[in-house]
Amino acid sequence: MFAFSLTIFWGACLLFLVQPLIARFILPWFGGGPAVWTTCMLFFQVLLLGGYAYAHFSISRLKPRQQVILHLCLLAIAVALLPITPSDQWKPTDGSQPAGHILFLLLGCLGLPYLVLSATGPLLQAWFSEAHPGVSPYRLYALSNVGSLLALIAYPFVVEPNLSRQLQAGYWSGGLAVYAGLAGWCGLIVWQRAQSAEKNPAADIAEPEVATPFAQVFLWLALPACGVMLLLAITNKLCQDIAVVPFLWVLPLGLYLLSFIISFDSPRWYQRWLWMPLLAGLLGGVLWQLIQAESHPEITMEATLYLGLLFVACMVCHGEVYRLRPSAKKLTGYYLSISAGGALGGLFVALAAPLIFPDYFELHLALYLMAALALIVLRQEASSLLQRGMGRWGWALLLPLLLAFGAKLWDIADTSRKGSSIVTRGFYGVLKVNIANADNPEQRHLTLQHGATIHGLQYSGEIRRRMATTYYSETSGIGRLLRAYHPDHGRRVGAVGLGAGTLAAWGDAGDTFRFYEINDDVARLATKTFTYLKDSKAKTELVMGDARLKMEGEKDQNYDVIILDAFSSDAIPVHLLTLEAFQIYNRHLRSDGVIAVHVSNRYLDLRPIVARAAQASKYNSAIINDSEPAADDDGIYASDWILLTRNRTLLSHPLISKVAGDPIEVSERIGAWTDDRSDLLRILITKEHSFLEWLQSR
C-alpha cells in the first residue's frame, strides 16, 4: 500500500503546485486581473476531466498490463516534453481574445503532463483495488487531497518567496520525473498481480453490474458543479475586493480541497445535523453582506464570511457525494462524474457567465443553487426528517424560504445596476458608467467605475467639462508635475492606463499624450462616452494592448513624462513595477524626464516597491500625498503619487518641493520586485488590515 500512497500523494502535490506556478508565469501577459486565474482554473478543471476520462477508459476497456504500458508510455512522452516554461513566443500581440489565448498557451505548454497527472487519483486507486482486493480505496482520495492542500499552502509561503519562476519550473520538472519512477513502481505491482491472476483465473469473480439510478448520477454531477461555481465566484469576489495575489487563489482552493479530505476520510466527519444548519446560517450571512455591499464593510468580516460559506458549502457538496459513493468496481465512473460536474461549474463561471450576466451575478446564482441542492438531497434521503412525521410542515416552511431567498438575490442583483447608464462586462471585469445629479446642470457628471474603483469622473456642463478631476486635480502629484514641467519642445507624455482619459485635460498645444490601454471596453467608453480625449488641446494617441509588451517592441519614444496609472484598483498588474519594467521605461524616457507612479490603493502599500525601483535605477524621488483636497462631492479625490527623476531642478520647483513628503523608509524584508520574484502578500500585510495581520501574527 505504501507505493500507491506515496505515488498518489506526490502526484497530487505536483498537480496543484503547478497551478499557481504556471499562472504566475502568464499573469503579467494578460493584465494581471482575476479573470486570468479563473481561466486557468477552467483549463485545470477541463484537463482534470480529461484525465479522469482517460483513467475510466483505461480501466474499463484495457487489461491491467495494457493499462500499465499505456500510462508509462504517456508519462515518458510527458517527461520528454519538459520543461513547461512558456517561451516569449506565447506572449499576446494584442488584447483580443485573452481567454482563448490563455487556454491555447496552457494546452501547448502543460497539456500532456497535466493530463497524465490528472489521471493519478482514479487510475492508481483502481490499480490499488486490483492489487489489494476487498480493501476500500476511498481513503487514498483523501490522501491525494492532502497532497494537493500541502502544495497549495507551500506555494505562497515557501516556494514563491524563495525561488525564482525558472527554478520553480525546473524543480517541478524534476518532480515529474520522480513521479514517473513511482508510477513505474506501482505498475510493476499491478503487472505482477495480473500475472498471478492469469495463472489462477478463479481467484477473481466478477460482480454483477447494477445500474446506477439517474437521481444519484445527477447529484454526482450537480453537487461538484455547485462547489466549483462557489469556489470560482468567491475567489473572484475576494480578488476584486482585496488583490489578485497567489495567496487569495490558494486560500479558497485550499478550503475546497480540505472539504474533500475530511469528507472522503471517513463517513463520521460529515453529519447533516451540524453542516446543514451551518450552511443555512452562512447563506443568510452572505445575503446580509451583499445587501450591505455599498457600505464598504471591513475586509476581515467580508473575507471570513465568504470563506466560511465556501468551506461549509463544499463540506455539504462533497459530504453528500461521498454518501452516494458506489462500490470500487464503479470507482472510475464515479470520479469521472465528479470531475465532469467540476468542469461544468468551471465552464459556466469562466465562459458562460460573462456572456449571460452583465455583472458578477454567478455568485448570486451559485448561492441559490446551493440552497436548492441542499433541499434536494434531503428530499432524496429516505431517513431524512423531511420524509417522515412532520415533513410536510417542514416543506411548507422551507420552500417559501427558498423562494424568498432567490427573490432577494434577484433584487440585490437588479439594484446593483440601477443608476448606471452603461454596464459592460469583458475579460478584464465589469465597467459601469453612472450619472449623478442629473437634474442639476452644474453638478451633473458621469463616473467610470471598475469594480469598487472610480476610474474617471467628468462634469457635463461646458464650464467644468475640461476640469481634471478625481486623482488628477491641480493639487495632486501629477497635477503639480504637469503644472511645473514645460520643456521648450512641448511635452511628450506616455500614460499607462486610460480610464476616462482625464489626464488629457492637462494637455497643451504642442503636447502629445500617448495612452496605453489593454481593455477594449475602457477605450470605447473613453472615446465615445467621455470627451476628455476629444476636448484636449494636445495631440492624443491610443495604443491597445499590454503597456509593457507594447513598449518592449517599440522604438525609443523619448518621453518627457511616463505616467504609471494602473494601480489604483485592487487587481494590479505586478509586471509593470518590476526592475525589468523600469529598464524599459528608462529606455523610453529622456535623460531629464520623469516617471510618475500613482500608488493610491486601499489594501496594497506600493510605496516601498517603487522606492526599491528608484534605488536600482538611481532616481531621485518625491512623494506627494494630496490627503485634503476639495470635497469628494466636487469630484476631487485624495491621492498618492511618487515622482522619479534625475532632474533635481524639477524636484526643487516650489509646486513640488513644498508639499513633498519625507523619504520612504523601506523594510529590509521588502525587496525590489523582478519578473521572477514579486511578493504581493508582503506588501499586503504591511497595511493595517487585521485579517492578514492576524495571519502573519500566527
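Of the residues in segment 131-152, how many are touching a helix residue (DSSP H, G or I) at 6+ places or on another chain (Cβ under 6 Å) and within 18 Å of Val68 (Cα to Cα)?
1
Does segment 213-223 contain any residue that is surrounded by fewer than 16 Cβ atoms within 10 Å (Cβ to Cβ), over 29 Å from the mean Cα position of the chain (by Cα) and modelled with pLDDT under 80?
Scanning segment 213-223, I find no residue that is surrounded by fewer than 16 Cβ atoms within 10 Å (Cβ to Cβ), over 29 Å from the mean Cα position of the chain (by Cα) and modelled with pLDDT under 80, so the answer is no.
Out of Val349, Val316, report the one residue that is in the same structural domain as Gln271 (by TED's automatic domain parsing), of a type in the set (Val, Ile, Thr) and modelled with pLDDT of 90 or more. Can you show your working first?
Numbers: Val349 fails: modelled with pLDDT of 90 or more.
Sole residue among the options that is in the same structural domain as Gln271 (by TED's automatic domain parsing), of a type in the set (Val, Ile, Thr) and modelled with pLDDT of 90 or more: Val316.
From the residues in segment 245-287 that are within 14 Å of His318 (Cβ to Cβ) and charged (D, E, K, R), which one is modelled with the highest pLDDT?
Within segment 245-287, the match that is modelled with the highest pLDDT is Arg272.
What number of residues within segment 488-529 are in contact with a Gly (Cβ under 6 Å, 6 or more places away or on another chain) and closer than 23 Å to Phe567 by Cα? Before you say what the answer is, go through the steps one by one.
The first filter runs over segment 488-529 and keeps only residues in contact with a Gly (Cβ under 6 Å, 6 or more places away or on another chain), leaving 490, 499-500, 502, 510-511, 513-514, 518, 521, 526.
From what's left, closer than 23 Å to Phe567 by Cα: 499-500, 502, 513-514, 518, 521, 526.
Residues flagged as in contact with a Gly (Cβ under 6 Å, 6 or more places away or on another chain) and closer than 23 Å to Phe567 by Cα within segment 488-529 amount to 8.
Is it the case that some residue within segment 126-147 is among the β-branched types (Val, Ile, Thr), assigned by TED's automatic domain parsing to the domain that holds Ile189, in a helix (DSSP H, G or I) and within 18 Å of Gly187 (Cα to Cα)?
Of segment 126-147, the ones among the β-branched types (Val, Ile, Thr) are 135, 146.
Now narrow it down to the ones that are assigned by TED's automatic domain parsing to the domain that holds Ile189: 135, 146.
Keeping just the survivors that are in a helix (DSSP H, G or I) gives 146.
From what's left, within 18 Å of Gly187 (Cα to Cα): none.
Scanning segment 126-147, I find no residue that is among the β-branched types (Val, Ile, Thr), assigned by TED's automatic domain parsing to the domain that holds Ile189, in a helix (DSSP H, G or I) and within 18 Å of Gly187 (Cα to Cα), so the answer is no.
Of the residues in segment 498-516, how many are aliphatic (A, V, I, L, M) and in a loop (DSSP other than H, G, I, E, B)? Steps first, answer last, please.
Keep residues of segment 498-516 that are aliphatic (A, V, I, L, M), which gives 498, 500, 503-505, 509.
Retained after the next criterion (residues that are in a loop (DSSP other than H, G, I, E, B)): 498, 500, 509.
Selection size over segment 498-516: 3.
Give, as residue ranges, the strands (runs of 3 or more DSSP E) completely inside segment 519-602 that count at least 3 residues that are at negative phi and either touching a His at 6+ places or on another chain (Cβ under 8 Å) or in contact (Cβ under 8 Å) with a residue 60 or more places away in the chain (or both). Steps first, please.
Details: elements: 539-544, 559-564, 589-598.
Those strands (runs of 3 or more DSSP E) span 559-564, 589-598.
Please specify each residue of segment 160-179 satisfying the condition of being assigned to a helix (DSSP H, G or I) and surrounded by fewer than 21 Cβ atoms within 10 Å (Cβ to Cβ).
To start, the set of residues in segment 160-179 that are assigned to a helix (DSSP H, G or I) comprises 160-162, 165-179.
Scanning segment 160-179 gives Pro161, Asn162, Arg165, Gln166, Leu167, Gly170, Tyr171, Ser173, Gly174, Gly175, Ala177, Val178.
If Cys73 satisfies all but one of (1) out of contact with any helix residue (DSSP H, G or I) (no Cβ under 7 Å at 6 or more places or on another chain); (2) surrounded by 15 or more Cβ atoms within 10 Å (Cβ to Cβ), what's the number of the condition it fails?
(2)
Name the one entry in Arg607, Arg669, Arg587 that is closer than 30 Å to Gln166 by Cα, surrounded by 17 or more Cβ atoms within 10 Å (Cβ to Cβ) and within 34 Å of the chain's Cα centre (by Cα). Step through it out loud before you land on a result.
Details: Arg669 fails: surrounded by 17 or more Cβ atoms within 10 Å (Cβ to Cβ); Arg587 fails: surrounded by 17 or more Cβ atoms within 10 Å (Cβ to Cβ).
When all the criteria are applied, what remains is Arg607.
I'd like to check something: does segment 652-663 contain any residue that is modelled with pLDDT under 90, outside any loop (DSSP other than H, G, I, E, B), surrounded by 13 or more Cβ atoms within 10 Å (Cβ to Cβ) and touching a strand residue (DSSP E or B) at 6+ places or on another chain (Cβ under 8 Å)?
For segment 652-663, residues modelled with pLDDT under 90, outside any loop (DSSP other than H, G, I, E, B), surrounded by 13 or more Cβ atoms within 10 Å (Cβ to Cβ) and touching a strand residue (DSSP E or B) at 6+ places or on another chain (Cβ under 8 Å): present.
Go through segment 66-93 and give me each residue that's modelled with pLDDT under 90 and part of a helix (DSSP H, G or I).
Selection gives Asp88, Gln89, Trp90.
The values are calculated or read from the model by the stated rules, or taken from the named source; none is laboratory data. Since this is a predicted model, take the numbers as computed values, not measurements. Methodologically, a virtual Cβ is constructed for each residue, glycine included, from the backbone with ideal geometry; neighbour enumeration extends over all protein chains shown.
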